[in-house]
1. I'd like to verify a number: residues in region 126-184 that are charged (D, E, K, R) and farther than 20 Å from Asn372 by Cα, how many?
2. Would you mind finding the one in Gly27, Gly63, Gly16 that is surrounded by fewer than 20 Cβ atoms within 10 Å (Cβ to Cβ) and either under 30 Å from Phe172 (Cα atoms) or of a type in the set (A, V, I, L, M) (or both)?
3. Would you pick out the residues in region 289-318 that are within 17 Å of Gly382 (Cβ to Cβ) and among the β-branched types (Val, Ile, Thr)?
4. State whether one or more residues within region 303-313 are part of a strand (DSSP E or B) and either surrounded by 14 or more Cβ atoms within 10 Å (Cβ to Cβ) or among the basic types (Lys, Arg) (or both).
5. What are the residues in region 211-239 that are polar (S, T, N, Q) and not in a helix (DSSP H, G or I), if any?
6. When you scan region 5-14, how many residues do you find that are within 13 Å of Val71 (Cβ to Cβ) and without any contact (Cβ under 8 Å) to a residue 60 or more places away in the chain?
7. Kindly indicate whether Gly135 is surrounded by 18 or more Cβ atoms within 10 Å (Cβ to Cβ) and touching a residue at least 24 places away in the same chain (Cβ under 8 Å).
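What follows is calculated from the coordinates using simple rules that are stated; it is not laboratory data. Since we're looking at a predicted model, the values are computed, not measured. All Cβ positions, even for glycine, are placed from backbone atoms using ideal geometry, and neighbour counts span all protein chains on display.
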Amino acid sequence: MDVEILARVQFAFTVGFHYIYPPLSIGLGLLMVVFEATFIRTGNPEFEKLAKFWTKIFALTFGVGVATGIVMEFEFGTNWATYSRYVGDVFGSALAAEGIFAFALESGFLGILLFGWNRVKPWVHMVSTIGVFFGSMFSAVWIVVANSWQQTPAGFHVVGEGMYARAEITDFWAMVFNPSSVDRLTHVWLGAFLAGAFLVLSVHAYYIVRGRQVELSKKAFKIALVVASVFSLGQLFTGHNSADGVAVNQPAKLAALEGHYPASAPADMYLLGWVNQEEKTVSGIKVPGGLSFLLYYDFDTPVTGLEAFAPEDRPSQVNAVFQFYHGMVAIGMTLIGLSLMGLFFWWRGTLFEKKWLMWVFVWSVLLPQLANQMGWFAAEMGRQPWVVYGLLRTSDAFSAAVTANQLVFSLILFFLVYSLLFALFIYLLNKKIQGGLEHLDHDQSHPRTQAIAQNLIN
């Protein structure tokens, strides 16, 4: 197999596996803050129990996320030498900022979060929880900034020539606030909040149908349902803003996302379909002129299509980009519908009587993960054939010294190790879930609870 394809497959596998965990950490961080803040505000020890339980899940997710993320940094150097040389100044700045402003904050407060229960004052522990949550969000900031710079480069100049050319930052803040970074960051954040919220919904729906800690699980479920409803609706706006940005900055990607081939013609919006790349057609269910309307509020405004670009400047796998993108959108709409359905039955007072709905929520945990993966793949495959859009082609970015056999061998090893890590993660996660909240029954006489109660009295 071609070395470039193998290098791309290996990196896609490792980053895709790693991306299971950071969104969960960010989303769970938000719910941990909510649970602990509610405990401090009300003095109700049930919410401390929830905060403790989900802190344990967070710690597991954080640990596996760190372990799986380290590999990618080595892959930059071993498999993508030209790329690393070209973007080193940009990526180095972003990764250094992540280490200083994000990882140090998150890991610095993590010890207090995990081991400070009943050892520090309640407000100190609350601050540590917020610190860990902000650290996880800041980590996403710098990773998304670095990746967005590859999509829409800004604040740099190129020094050197040929294969030794590299980008140097001339304006750090222009690099940070490149044309796509804010839209993509908000979209990623909301996707992460949904991943965490639906994990909480899944676990507590499971407890409810199994009759375990029912009253406490109902409280947690309602809080997570509100979070899921707000941010699933919010994804409509961030997704729309991101698509508007792609239309301006990466028109070839937008054309691939919707399978739009004519060089300049009104563009349909497909609800589902299949792209025939040989015939340059799309078959499926569509809204005629729908994409034109979403972009320009007019069904007849032309949209730049793939035929406006040379064949070598178009994404090579248009159907894959199309399917990943539409799969993400379909799941996003499903999450909105599921969240609003939950709110409706809550309003009717029959939410927890719908056992079938609780089982739907149990399995809904998979949906945000699938949407996050599909969105990431659509964004990265849609950028092809560029690793830095318009500047450095993917075919020029990998390491010439790496052979196909080396990549196959390392990919097999990665698959085996990551499979073991995933199996261990699922085993430990299931063990913690099956263990439940019962063993966290709080001692009402504990100094921490007394301190909260005294603060409320005062």
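1. Number of matching residues: 4.
2. Exactly one of Gly27, Gly63, Gly16 is surrounded by fewer than 20 Cβ atoms within 10 Å (Cβ to Cβ) and either under 30 Å from Phe172 (Cα atoms) or of a type in the set (A, V, I, L, M) (or both), namely Gly16.
3. Val303, Thr304, Val318
4. Scanning region 303-313 turns up at least one residue that is part of a strand (DSSP E or B) and either surrounded by 14 or more Cβ atoms within 10 Å (Cβ to Cβ) or among the basic types (Lys, Arg) (or both).
5. Result: Gln213, single match.
6. Counting residues in region 5-14 that are within 13 Å of Val71 (Cβ to Cβ) and without any contact (Cβ under 8 Å) to a residue 60 or more places away in the chain gives 0.
7. Yes, satisfied.
Here's the yes/no breakdown for (1) aliphatic (A, V, I, L, M); (2) in a loop (DSSP other than H, G, I, E, B):
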{"residue": "Trp274", "(1), (2)": "no, no"}
{"residue": "Leu295", "(1), (2)": "yes, no"}
{"residue": "Asp298", "(1), (2)": "no, yes"}
{"residue": "Phe324", "(1), (2)": "no, no"}
{"residue": "Met328", "(1), (2)": "yes, no"}
{"residue": "Phe352", "(1), (2)": "no, no"}
{"residue": "Val360", "(1), (2)": "yes, no"}
{"residue": "Asn372", "(1), (2)": "no, no"}
